[in-house]
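Chemist: First, the structure itself, so that you have it in front of you.
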Amino acid sequence: MAGRPHGQPSCDSGPDPPLRKTGGRLPRTAIENRTGFSIFAASVTIASFSRRDALPERRNQSWEDAISDPKKQDGLTYRDAGVDIDAGDALVEAIKPLAKSTARSGGAAGLGGFGALFDPRQAGFQDPILVASTDGVGTKLKVAIDAGRHDTVGIDLVAMCVNDIVVQGAEPLFFLDYFATGALDVEAGRKIVGGIAEGCRQAGCALIGGETAEMPGMYARGDYDLAGFSVGAAERGTLIDGSTVADGDIVLGLASTGVHSNGYSLVRKVVERQGLRYSDPAPFAPGLTLGEALLAPTRIYVKSCLAAIRAGRIKALAHITGGGLIENVPRVLPATTRALFDATAWPRPPVFSWLQKGAGIDSFEMARTFNCGIGMVAVVAPADAPEATRILTEGGETVYRIGVIGPRKEDEPQSVVINTDRAWEN
């Protein structure tokens, strides 16, 4: 497993240490600790090129002797096994400025040691509770691979993690990625990490670490997988958990940019059934290829939602991912309440009509598989609805009043979408 190069970490303000050409890629963060601030260290396991089984057989034999020994000149190299260390070095050079562009208070983005450091107090927190999330992009990656477009899935990766953090009232602080592939394509890797950096900038969090694993035999050439890890923080006592949600509260819906990052196994099945290629014109998006339209990145709601949270206008938030409105909203509601959504209250993006008609999917299945045009749900008190809408709109969101909270009997579902026959099935 080949990693991205790293250097030694530093906890002073001196010059950067030189890069070492072994181990996994992890940005180095240097933090001053002269004022007694506690430092939160995020440690990542690193795969090293300097394997014990690669040591010279005789302990008193130098590396130079071992390398120049004629008996070893016909031996295998790591590249012979399918791992290109030079390609890994080239990727690191390409992504240095990308990581640096995400720097924020509490940490600094650069390339360095075995673990990345982050100081929550330097980021403005006095008594922080940490909130962590991990996620992936799923089979949307297959669409990216087949379409040959790799510049947006990194945004998806960040979005799936940081949106899950903000719904609890926490600010995403930093992000780490894991990029695994069968054979490292430097240009594709640069675009992928470029997307991750863009997602981090949108969320206001620092890309402080990551790992590139080149694993021939585990993945077919051209295939790759991504995993993301993010940590955020909120001051003790300020987390939101939906416990104050009550009968009569208003449900606001924040528009999605499309399918986001869930349900792509079904999406790909529809594409296959219709005999389409990702280079074909998108049936639901004039001017775009099918691949371009389906790869629209997941919206990151962090900054707009944090503004509404800090204004005291939000009782609960739900990130609408796999499970749709049906499965995700109940996660933030008290057991005695339920959400009633009116499907006529917001316009559903054309991609969902195409999917529903193309595969004959019934409306309930649509509502529990896809976001159907709503990527984030906010529950607010009736008196706070206008101000919450204003704050979210000023933050760049398209906001709809899509439902209401009502009382729930023990055997009733907690999330119901009504009027789908009028809104979705004609």
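Chemist: Count, please, the residues in segment 212-243 that happen to be closer than 21 Å to His319 by Cβ and assigned to a loop (DSSP other than H, G, I, E, B). Spell out the reasoning first.
Modeler: Our first condition is that a residue be closer than 21 Å to His319 by Cβ; within segment 212-243, this holds for 226-234, 238-243.
With assigned to a loop (DSSP other than H, G, I, E, B) added as a condition, the list becomes 238-243.
Result for segment 212-243: 6.
Chemist: In segment 269-284, what residues are within 11 Å of Ala359 (Cβ to Cβ) and open to solvent by 60 Å² or more (accessible area, probe 1.4 Å)?
Modeler: Of everything in segment 269-284, those that are within 11 Å of Ala359 (Cβ to Cβ) and open to solvent by 60 Å² or more (accessible area, probe 1.4 Å) turn out to be Lys269, Glu272, Arg273, Gln274.
Chemist: Scan segment 362-381 and tell me whether some residue there is in contact with a Gly (Cβ under 7 Å, 6 or more places away or on another chain), among the aromatic types (Phe, Trp, Tyr) and farther than 23 Å from Ala282 by Cα.
Modeler: No, because not a single residue in segment 362-381 is in contact with a Gly (Cβ under 7 Å, 6 or more places away or on another chain), among the aromatic types (Phe, Trp, Tyr) and farther than 23 Å from Ala282 by Cα.
Chemist: In this structure, does Asp127 turn out to be free of Cβ contacts under 8 Å to residues at least 60 places away in the same chain and of a type in the set (Asp, Glu)? Don't jump to the end; show me each part of the working.
Modeler: Details: free of Cβ contacts under 8 Å to residues at least 60 places away in the same chain: no; of a type in the set (Asp, Glu): yes.
Spelling it out, it is not the case that Asp127 is free of Cβ contacts under 8 Å to residues at least 60 places away in the same chain and of a type in the set (Asp, Glu).
Chemist: Quick check, is Glu292 under 30 Å from Val380 (Cα atoms), out of contact with any helix residue (DSSP H, G or I) (no Cβ under 6 Å at 6 or more places or on another chain) and either surrounded by fewer than 18 Cβ atoms within 10 Å (Cβ to Cβ) or of a type in the set (Lys, Arg) (or both)?
Modeler: When the stated conditions are applied, Glu292 does not pass them.
Chemist: Among the residues of segment 414-426, which ones are out of contact with any strand residue (DSSP E or B) (no Cβ under 8 Å at 6 or more places or on another chain) and open to solvent by 70 Å² or more (accessible area, probe 1.4 Å)?
Modeler: Asp421, Arg422, Glu425, Asn426, listed by residue number.
Chemist: Can I ask one more? Going by the conditions given, is Val131 surrounded by 19 or more Cβ atoms within 10 Å (Cβ to Cβ), part of a helix (DSSP H, G or I) and touching a strand residue (DSSP E or B) at 6+ places or on another chain (Cβ under 9 Å)?
Modeler: For Val131, the condition - surrounded by 19 or more Cβ atoms within 10 Å (Cβ to Cβ), part of a helix (DSSP H, G or I) and touching a strand residue (DSSP E or B) at 6+ places or on another chain (Cβ under 9 Å) - is not met.
Chemist: A further question follows. Just checking, does segment 135-146 include any residue being closer than 30 Å to Leu239 by Cβ, open to solvent by 30 Å² or more (accessible area, probe 1.4 Å) and either in a loop (DSSP other than H, G, I, E, B) or of a type in the set (Gly, Ala, Ser) (or both)?
Modeler: Yes, because at least one residue in segment 135-146 is closer than 30 Å to Leu239 by Cβ, open to solvent by 30 Å² or more (accessible area, probe 1.4 Å) and either in a loop (DSSP other than H, G, I, E, B) or of a type in the set (Gly, Ala, Ser) (or both).
Chemist: For residues that are in a loop (DSSP other than H, G, I, E, B), free of Cβ contacts under 8 Å to residues at least 40 places away in the same chain and in contact with a strand residue (DSSP E or B) (Cβ under 8 Å, 6 or more places away or on another chain), tally how many sit in segment 259-281.
Modeler: Count: 1.
Chemist: Scan segment 151-188 for residues that are assigned to a helix (DSSP H, G or I), open to solvent by 10 Å² or more (accessible area, probe 1.4 Å) and either of a type outside the set (Asp, Glu) or in contact (Cβ under 8 Å) with a residue 12 or more places away in the chain (or both) and jot them down.
Modeler: Ile155, Asp164, Val186, Ala188
Chemist: Within segment 233-255, work out how many residues are of a type in the set (Ser, Thr, Tyr) and crowded, with 23+ Cβ neighbours inside 10 Å. Give the steps one after another, and end with the answer.
Modeler: Within segment 233-255, the subset of a type in the set (Ser, Thr, Tyr) is 238, 243-244.
Remaining after also requiring crowded, with 23+ Cβ neighbours inside 10 Å: none.
Total meeting the criteria: 0.
Chemist: Another question about this same structure. State whether the residues of segment 249-258 include one that is within 24 Å of Arg149 (Cβ to Cβ) and either assigned to a helix (DSSP H, G or I) or without any contact (Cβ under 8 Å) to a residue 60 or more places away in the chain (or both).
Modeler: No; the residues of segment 249-258 include none that is within 24 Å of Arg149 (Cβ to Cβ) and either assigned to a helix (DSSP H, G or I) or without any contact (Cβ under 8 Å) to a residue 60 or more places away in the chain (or both).
The values are calculated or read from the model by the stated rules, or taken from the named source; none is laboratory data. Model, not experiment: these values are computed from the prediction. Note that we place each Cβ from the backbone using ideal geometry, even for glycine, and neighbour counts take in every protein chain shown. SASA here: full protein model, heavy atoms, side chains in, ligands and nucleic acids out. Shrake-Rupley method; radii C 1.70, N 1.55, O 1.52, S 1.80 Å.
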